[in-house]
1. Is there any pair with a first residue in the stretch 58-72 that is free of Cβ contacts under 8 Å to residues at least 40 places away in the same chain and a second that is surrounded by 15 or more Cβ atoms within 10 Å (Cβ to Cβ) and hydroxyl-bearing (Ser, Thr, Tyr) whose Cβ atoms are under 9 Å apart and which are 6 or more apart or on different chains, and what are they?
2. Of all residues in the stretch 153-189, count the ones that are more than 15 Å from the chain's Cα centre (by Cα) and polar (S, T, N, Q).
3. I need the full set of residues from the stretch 255-265 which are within 11 Å of ligand 2 (Cβ to nearest atom) and either aliphatic (A, V, I, L, M) or open to solvent by 50 Å² or more (accessible area, probe 1.4 Å) (or both), in order please.
4. Considering only residues that are part of a loop (DSSP other than H, G, I, E, B), open to solvent by less than 80 Å² (accessible area, probe 1.4 Å) and touching a helix residue (DSSP H, G or I) at 6+ places or on another chain (Cβ under 6 Å), which ones fall in the stretch 266-286?
5. Please determine whether any residue of the stretch 139-161 is at pLDDT 95 or above and more than 24 Å from residue 221 (Cβ to Cβ).
6. Quick check, is residue 207 farther than 21 Å from residue 310 by Cα and in contact with a Pro (Cβ under 7 Å, 6 or more places away or on another chain)?
7. Restricting to the stretch 75-99, give me the number of residues that are more than 20 Å from residue 165 (Cα to Cα) and touching a Leu at 6+ places or on another chain (Cβ under 7 Å).
8. For the condition open to solvent by 50 Å² or more (accessible area, probe 1.4 Å), β-branched (Val, Ile, Thr), within 26 Å of residue 281 (Cα to Cα) and out of contact with any Cys (no Cβ under 8 Å at 6 or more places or on another chain), what is the one hit in 106, 156?
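The values are calculated or read from the model by the stated rules, or taken from the named source; none is laboratory data. A quick note: this is a predicted structure, and the numbers were derived from the prediction, not measured. For neighbour counting, all protein chains shown are included, and Cβ atoms are generated from backbone atoms with ideal geometry for every residue, glycine included. These accessible areas exclude ligands, DNA and RNA; they are computed on the full protein's heavy atoms, side chains included. Shrake-Rupley method; radii C 1.70, N 1.55, O 1.52, S 1.80 Å.
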Amino acid sequence: MARRALVTGITGQDGSYLAEFLLRRGYEVHGIIRRASTFNTHRIDHLYVDSHIRGTKLFLHYGELLDGARLATLLSTVRPDEVYHLAAQSHVRVSFDEPEYTGETTGLGTIRLLEAIRQIGLDCRFYQASSSEMFGSSPPPQNEGTPFRPRSPYGTAKLYAYWTVRNYREAYGIFAVNGILFNHESPRRGETFVTRKISRGVARIRAGLDRHLFMGNIDAIRDWGYAPEYVDGMWRMMQAETPDDYVLATGVGYSVREFLALAFEHAGLDWTKYVRFDERYLRPTEVDCVIGDAEKARVLLGWVAEVHAPQLVKIMVDADIRAVESTHTPRIDRPAISGWDPTPR
Ligand code: NAP
Ligand code: G4F
């Protein structure tokens, strides 16, 4: 019998790579998607086969982290062996604008799932997408023993979920793990996170579609890895003999400024000519520097990050250049992008 996984956040960056990974390993994959007025499945469209076709291994269900009854219904009907809980309001800057919603989804969403698992008496394993953002102002290198000092509503919500996982593990014996993942990126990264904003900006400037790229705090330091490698780490945590918490990171930090320089240089451009400051992208409190120590994952899971920032930059810039070249966007003033983090003209 194929093992069955339920993935929340399957339409996101990590969810799409995890779905690919699990399908390759013969899993039956069930994903929860949100009802939206436009299609929101572009990251997994290549995996989706019409459910009327026999042998389909990917199934999509409508659901929402705010709707505990629906989550319980899905858990009791799908009856997964493994639950990967990736859904969240995942943007740190946005969490300052929508702190209550972030708490409801990113924090309470986890307890809704775990409490449903407990009430149903479901025998399954549970993965929680915890974050290096929980370390906040604790100095690097950060590992599983580093004190948490979150600096954003997103960080505090993730910390609530982190402790909920530990509590359900200890109180009820549920196999629940926290993957404390440092930043991981890819061509599928949301366009308003800094690495993708840069790679996309470089491609557009190179094509003559934009003149400038407007940025916030470029002194911040992050430990950027490659998302497909991190979903492998998630799966390894779920196959371990006992449930535990693990950091996944490359162990090397780069500033946003360095990422900018590498990205523009890869396209043959000098970043100082194009990058401008816009205070809209600053945060009320910033996480200045996160650099992870993933030694525990290396020793116990055999997991090591192979791709580091310089290679990641090339992967992302090349992908965005290809995307821009294939869309034939006319070189005229384009409409402003809606939503948070538009690139101002
Ligand atoms: P992402 O691309 O922003 O994807 C988030 C996913 O959550 C999307 O599928 C989104 O659906 C879904 N979602 C958001 N709110 C929801 C709600 N109220 N109900 C149901 N689904 C909802 O995030 P990601 O980069 O893949 O990250 C995956 C998880 O890892 C997140 O929990 C994130 O906080 C955490 N994390 C990420 C990183 C990183 O560097 N990427 C590092 C540490 C932890 P729509 O597509 O409909 O918006
Ligand atoms: O790309 P970011 O928005 O990622 P951030 O805040 O580190 O959060 C991401 O990684 C976390 C892992 O620790 C995840 F948990 C979380 O879900 C998310 O995936 O910003 C990175 C840095 C920040 O210091 C930010 O202030 O880049 C700085 N930055 C500078 N200018 C900018 C910009 N960030 C964005 N998004 N846009 C800018 O223009």
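1. 64/105
2. Total satisfying the criteria: 3.
3. Of everything in the stretch 255-265, those that are within 11 Å of ligand 2 (Cβ to nearest atom) and either aliphatic (A, V, I, L, M) or open to solvent by 50 Å² or more (accessible area, probe 1.4 Å) (or both) turn out to be 256, 257, 260.
4. The answer is 267, 274, 283.
5. Looking only at the stretch 139-161, we keep the residues that are at pLDDT 95 or above, and these are 139-161.
Add one more test, that the residue is more than 24 Å from residue 221 (Cβ to Cβ), and what stays is 160-161.
Checked the stretch 139-161: at least one residue is at pLDDT 95 or above and more than 24 Å from residue 221 (Cβ to Cβ).
6. Against the criterion (farther than 21 Å from residue 310 by Cα and in contact with a Pro (Cβ under 7 Å, 6 or more places away or on another chain)), residue 207 does not qualify.
7. Residues that pass the stated criteria total 1.
8. Selected residue: 156, the only one of 106, 156 that is open to solvent by 50 Å² or more (accessible area, probe 1.4 Å), β-branched (Val, Ile, Thr), within 26 Å of residue 281 (Cα to Cα) and out of contact with any Cys (no Cβ under 8 Å at 6 or more places or on another chain).
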